[in-house]
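Engineer: Please read through the structure below; I'll follow up with questions.
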Amino acid sequence: MRCVIVDTSRSPFAKLRPVPLNSVKLRDEFWAPRIKQLREVTLPSQYDILEDTGRLGNFRVAATGEGEIRWRIADDSDVYKWLEAASLTLGYEPDERLEELVSSVVRDIAAAQDEDGYLFTLYYNRREERWRDLERMHELYCAGHLFQAAVAHRRATGSGELLRVAVRLADHIASVFGPGKREGAPGHPEIEMALVELYRETGRREYVELSRFFIDCRGRGLVGGSECLIDHKPFRELDGITGHAVRALYLNCGATDLYMETGDKSLLETLERLWRSMARRRMYVTGGVGSRHVCESFGDDYELPNVRAYAETCAAVANVMWNWRMLLALGEARFADVMELAMYNGALSGISLDGRRYFYCNPLADRGRSRRQPWFSCACCPTNIVRMLASVPGYMYSTSGDGLWVHLYAESEAAIDVAGREVRVAQRTRYPWDGDVELTLELEGSLEFSLFVRIPGWCDGAEVLVNGREVEAEAAPGSYFELRRVWRSGDRVEIRLPMTVRLVVSHPHVLCNACRAAITRGPMVYCLEHVDNPEFDVWDVALLSDEPLEAEYVPGLLGGVVVVRGWGVVMDGEAWGDSLYLPLSRAPKAARRVRVTAIPYYAWANREPGPMITWVVLARSGLLR
Ligand SMILES: [Zn+2]
């Protein structure tokens, strides 16, 4: 079985080939326990909620005609995303209980399909409503999620049961939409990437053409013409990333998939433009995106409010998905950097440490009112974060004609096909808490290939050693370091990525971050939370940037994290009385020197509520004199 997420094995314009999830065995203390919890806690608890809220029942209603559909928005897709995640985990870790749940959900879905292939439970008995409102109803969006679930189910279990349902629905859609038939675009992109993946699994080229058709139909006012739905301009004319963040990034995923199959240069040029617009001007330091609550959308350049950040969990997951595709297409480390940033920070904050609660929005500063919820009426985020967690083993490696690529670091073992030969790679590391990584290769005989090891963009002074001897070439931050040689069993590569605590500042046009810094270490972004700093309000503190910042691993805290400690000064809040504004001459001075403790951003809001802040005011010790 080859359980892969985005199968570029035969994509003519993809630089990298995927390594199946079931070829990589994570043994680390960061991801492996989360994936175990995903299987044992999160997926079963989500299944219960899908049942309790009627989302699964809707399929049975559609199959039997008995009972009422209980519909909110895009409910079918929540079932499909759960199924995709559950299937992926089964692809690398058998679990009898989960297998039974998956099988019963697949049966319910198959039974709900209309004889003409249509499948969308809300309209099971309302034929006249079908495909009428592409702008607001999510029929094509849900279909896309079904295709992704079906492909994952096939690749993970070998069963074609759900794939047959997907193909019948895709053929039905192709009979309705296309050149010379009905023109239209999905109000919520998603089906574009799913159709390409369905092609990769079935070989049916017409699905690529249908994907292209949906992308080409955008910007013609067929779904209302709004910028929010990215329908204000044709895709290839977009000059900046804009509109609903999840929709924009799913659309980009589809366009990247389409590029990898067709080599359409105009798509790639657009994607490059959109990537620079996002990563250089419109993305949070956490890898989260979406600055505005209105339309859940991207903002203008440098519009990145902290308290009012939207930064939907789904948008960070979509950021991972898009950058993974760009990485597969081009093999450039900047995409892996954004992917890793969003994985460890803006996306992971979307789920609680106990695996049962979720954030929809991920603000970067808060007064303690934002708390993760067990579910939402629009439940896109909980079922999206599980897809990402289930996919982690598949994001670690790729191959190419030249050799083997190492994207992410985690204690693990992998067996990877390199030029038709099996190469086993053991990673020894405490990443993400420590930057020392040791790779040991095992293979029969010897084989010449390049090993491309990623030097993260945050890492200055990286060193690479082969069999204990330092390699002379510069290991530049934000690149893949190529080691080409004849490899033999037992060859050992050490990668030393110094993880110093860094203060990151933002472009001056991000006004709310003026004179502030974010604390980072390795791939992690940090925040201050009240519970670790009970002596003062973390919104009042200024961090002393000329005093040392120390990192310390605290095993019992938040599942085991490296905290960062430093010194700060605190304003005397009471000296302000009830003044909102004061003349500078009468403004209270910083009064007290305090110890400051920061925790990884993803772990905030897992203890008692209180103020939190990511961008901290900077000060120098001289302030106190
Ligand atoms: Zn969401």
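Engineer: For region 551-598, give me each residue that is loosely packed, with under 12 Cβ neighbours inside 10 Å and either part of a helix (DSSP H, G or I) or touching a Lys or Arg at 6+ places or on another chain (Cβ under 6 Å) (or both).
Structural biologist: E574, L584, S585, R586
Engineer: Would you check if there is a residue in region 389-406 being within 16 Å of the ligand (Cβ to nearest atom) and under 23 Å from the mean Cα position of the chain (by Cα)?
Structural biologist: Yes - at least one qualifying residue is present in region 389-406.
Engineer: Scanning region 271-289 for residues that are part of a loop (DSSP other than H, G, I, E, B) and of a type outside the set (G, A, S), which turns out nearest to N345 (Cα to Cα)?
Structural biologist: T286
Engineer: Please determine, by comparing only the residues of region 600-625 that are modelled with pLDDT under 95 and surrounded by fewer than 15 Cβ atoms within 10 Å (Cβ to Cβ), which one is nearest to the chain's Cα centre (by Cα).
Structural biologist: This residue is R620.
Engineer: Looking only at region 514-535, how many residues end up being open to solvent by 10 Å² or more (accessible area, probe 1.4 Å) and at negative phi?
Structural biologist: Summing the residues that are open to solvent by 10 Å² or more (accessible area, probe 1.4 Å) and at negative phi in region 514-535 gives 9.
Engineer: Right, next: How many of the residues making up region 285-303 are buried (at least 20 other Cβ atoms within 10 Å of the Cβ) and touching a residue at least 24 places away in the same chain (Cβ under 8 Å)?
Structural biologist: Residues flagged as buried (at least 20 other Cβ atoms within 10 Å of the Cβ) and touching a residue at least 24 places away in the same chain (Cβ under 8 Å) within region 285-303 amount to 9.
Engineer: Another question, if that's okay. Got a sec? Which of E40, E66, E84 is surrounded by fewer than 15 Cβ atoms within 10 Å (Cβ to Cβ), assigned to a helix (DSSP H, G or I), charged (D, E, K, R) and in the same structural domain as E139 (by TED's automatic domain parsing)?
Structural biologist: Result of the check over E40, E66, E84: E40.
Engineer: Among the residues of region 528-550, count how many are in contact with a helix residue (DSSP H, G or I) (Cβ under 8 Å, 6 or more places away or on another chain) and part of a loop (DSSP other than H, G, I, E, B).
Structural biologist: 5
Engineer: Now for a different question. Report yes if some residue within region 4-21 is in a helix (DSSP H, G or I), out of contact with any strand residue (DSSP E or B) (no Cβ under 9 Å at 6 or more places or on another chain) and surrounded by 23 or more Cβ atoms within 10 Å (Cβ to Cβ); otherwise report no.
Structural biologist: Yes, the conditions are met somewhere in region 4-21.
Engineer: Moving to a separate point now. Only one of these is without any contact (Cβ under 8 Å) to a residue 24 or more places away in the chain and either out of contact with any helix residue (DSSP H, G or I) (no Cβ under 7 Å at 6 or more places or on another chain) or open to solvent by 10 Å² or more (accessible area, probe 1.4 Å) (or both): R308, R247, R282, R276. Name it.
Structural biologist: R276
Engineer: Looking at the structure I just gave you, is E29 in a helix (DSSP H, G or I), among the charged types (D, E, K, R) and either open to solvent by 10 Å² or more (accessible area, probe 1.4 Å) or within 20 Å of L162 (Cα to Cα) (or both)?
Structural biologist: Answer is no for this residue.
Engineer: Going through L327, L353, L341 one at a time, which residue ends up being away from the ligand (no atom under 16 Å from the Cβ) and in contact with a His (Cβ under 8 Å, 6 or more places away or on another chain)?
Structural biologist: From the options L327, L353, L341, the qualifying one is L327.
Engineer: Another question, if that's okay. Can you tell me which residue among G178, G221, G203, G184 is over 27 Å from A85 (Cα atoms) and either loosely packed, with under 15 Cβ neighbours inside 10 Å or not assigned by TED's automatic domain parsing to the domain that holds A85 (or both)?
Structural biologist: Sole residue among the options that is over 27 Å from A85 (Cα atoms) and either loosely packed, with under 15 Cβ neighbours inside 10 Å or not assigned by TED's automatic domain parsing to the domain that holds A85 (or both): G221.
Engineer: Now for a different question. Looking only at residues in region 132-156 that are farther than 21 Å from C381 by Cβ and touching a helix residue (DSSP H, G or I) at 6+ places or on another chain (Cβ under 6 Å), which one is most open to solvent (accessible area, probe 1.4 Å)?
Structural biologist: Here the answer is R154.
Engineer: Ok, one more. Going through region 123-157 one residue at a time, which ones are assigned to a helix (DSSP H, G or I) and farther than 21 Å from P189 by Cβ?
Structural biologist: If the condition is that a residue be assigned to a helix (DSSP H, G or I) and farther than 21 Å from P189 by Cβ, then R127, E128, E129, H153, R154, R155, A156, T157 are the ones that fit.
Engineer: Could you please give the count of residues in region 286-324 that are away from the ligand (no atom under 12 Å from the Cβ) and on the phi > 0 side of the Ramachandran plot?
Structural biologist: 3
Engineer: Are there any pairs, at least 6 apart or on different chains, whose C-beta atoms fall under 6 Å, with the first in region 101-118 and aliphatic (A, V, I, L, M) and the second open to solvent by 30 Å² or more (accessible area, probe 1.4 Å), and if so, which?
Structural biologist: Final answer for the pair search is L101/Y47; V106/E161; A111/A63; A112/A63.
The values are calculated or read from the model by the stated rules, or taken from the named source; none is laboratory data. Fair warning: this is a prediction, and the values are worked out from it, not measured in the lab. Please note: Cβ atoms are built from the backbone with ideal geometry, for glycine as well, and neighbour counts cover all protein chains shown. All accessible areas refer to the heavy atoms of the entire protein, side chains included, with ligands and DNA or RNA removed. Shrake-Rupley method; radii C 1.70, N 1.55, O 1.52, S 1.80 Å.
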